[in-house]
Amino acid sequence: MHPERNPDHAPGPARQQYPDRIVVKVGTSSLITDGRLDPVKADALAASVAELAHEGVRPVLVASGAIAQGRFLLGGDGVAAEDRRLAAAVGQAPLFEAFRAGLARRGLTAAQFLFTPLDLCDRGHRQSLRSALEHALDHGVVPVVNENDAVRVRNNDVLSALLAVVLRARLLALLTDVPGLYASDPRTDPAARLVPEVKGMSAEVERLAGASAGGPGTGGMVSKLGAVWIATLAGVTAVIANAHEPRVLQRLLAGETVGTVVHPRATVREHHLEPLWRAFAAPPRGTLLCHPSARSDIAAGRPLPLARLVAVQGEFDGGDVVDVTAVGDPQPIARGRVPLGSASLSAAPAARDDAHVLLHPSTYVSLLEVC
Ligand code: GLU
């Protein structure tokens with residue numbers, strides 16, 4: 001069934017995919033040297049993507065680095081939102097040009113696409129965007145995507161995952177500076193083992209990986225895990241691997257074990273994109289402990305009434321991401337964006353009826369199948 005017409009969230013078999021489509025996401029840190037875009041790294045990526053395209057794969061490249069390059073060109077390091085937006089607007093064209101030229105040297109045409117997650121969540125925008133991207137792929141043109149940071153800077157991990165879902169890609173390759181997910185913290189455990197394969201994303205895997213990421217890479221790994229959740233819940237295989245691993249994309253597509261591959265479950269729900277985006281664009285900051293009957297609300301994709309709330313754990317603001325657990329079971333049964341902060345929820349009046357909503361279906365994702 002077509003996801004646009006399947007609002008009932010019924011579980012079903014893994015959905016149809018396009019085996020020749022892959023989304024390759026590369027982060028800023030893998031493309032810059034000394035604070036500026038490194039032409040050698042950009043060219044190596046262009047070469048790798050071009051090789052795939054010549055082999056019949058239809059790659060979509062999502063690359064960050066506009067802000068870093070813009071900052072370099074502006075000679076500043078401002079951190080205010082408007083500084084970042086300006087830097088992105090300055091750096092966007094040089095970033096694209098590096099890939100355009102690298103692909104052109106190998107006989108390929110590149111097309112630049114800039115958009116935001118909201119464009120993918122809006123049905124009309126999504127349909128236009130998808131047809132434009134598919135038209136590019138049909139013409140052998142390589143889409144080079146970045147978030148439209150001049151509107152708002154978020155992160156490309158989540159954008160690339162939403163894109164992989166929209167394009168029904170075979171694979172989302174998240175290329176970064178670490179080799180993958182570790183079973184323990186490599187900073188404190190010299191024998192930390194790289195996990196080659198995860199059968200299905202879960203809160204347990206997330207805890208393990210989040211704890212093992214550490215250091216300056218933490219934010220990066222946390223947002224990668226959000227992307228992995230989105231892709232795999234919607235049926236797309238995700239891989240986290242080192243961008244500088246030789247022939248990493250070729251080896252991944254040949255089925256070699258590189259980095260950490262996270263498989264979707266055998267059956268996946270048809271998810272709407274907006275809840276996926278809202279629930280996984282940021283890590284959870286707290287937990288809503290609910291009455292066990294919350295399970296049936298979530299299973300049915302209904303609004304979760306405020307009346308189900310038993311206790312609030314952690315401190316968070318309205319608009320933050322939280323997990324939902326049911327009394328007696330610590331595993332999250334849903335994750336979503338809560339409209340009220342912990343202080344307001346704790347102070348909410350005891351007399352609650354079903355008219356007061358704790359989480360709206362457009363803002364939460366069921367984790368009942370994964371817990
Ligand atoms: N899109 C931004 C850039 O090109 C960065 C966002 C991210 O790091 O994912 O600089």
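The values are calculated or read from the model by the stated rules, or taken from the named source; none is laboratory data. Worth saying up front: this structure is predicted, and the values here are computed from it rather than measured. Note that we place each Cβ from the backbone using ideal geometry, even for glycine, and neighbour counts take in every protein chain shown.
Of note:
Yes/no matrix, rows are residues, columns are (1) at pLDDT 90 or above; (2) buried (at least 22 other Cβ atoms within 10 Å of the Cβ); (3) over 30 Å from Asp329 (Cβ atoms):
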{"position": "Val141", "(1), (2), (3)": "yes, no, yes"}
{"position": "Leu162", "(1), (2), (3)": "yes, yes, no"}
{"position": "Leu171", "(1), (2), (3)": "yes, yes, yes"}
{"position": "Ala192", "(1), (2), (3)": "no, no, no"}
{"position": "Val195", "(1), (2), (3)": "yes, no, no"}
{"position": "Val198", "(1), (2), (3)": "yes, no, no"}
{"position": "Gly210", "(1), (2), (3)": "no, no, no"}
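- Residue ID - nearest to the ligand (Cβ to nearest atom), chosen from residues in segment 163-183 that are closer than 21 Å to Gln69 by Cβ and of a type outside the set (A, V, I, L, M, F, W, C): Thr176
- Asp157 meets the conditions (1) of a type in the set (D, E, K, R); (2) under 20 Å from Leu233 (Cα atoms); (3) touching a His at 6+ places or on another chain (Cβ under 8 Å) in every case but one. The failed one is (3).
- Taking the criterion of being closer than 29 Å to Gly107 by Cβ, over 23 Å from the mean Cα position of the chain (by Cα) and hydrophobic (A, V, I, L, M, F, W, C), the residues of segment 40-72 that qualify are Val40, Ala44, Ala47, Ala50, Ala53.
- Candidates Gly259, Gly235, Gly220, filtered to the one that is in contact with an Asp or Glu (Cβ under 9 Å, 6 or more places away or on another chain), within 16 Å of the ligand (Cβ to nearest atom) and not hydrophobic (A, V, I, L, M, F, W, C): Gly220
- Single residue of segment 129-162 satisfying the filter (of a type in the set (Gly, Ala, Ser) and assigned to a helix (DSSP H, G or I)) that is nearest to the ligand (Cβ to nearest atom): Ser160
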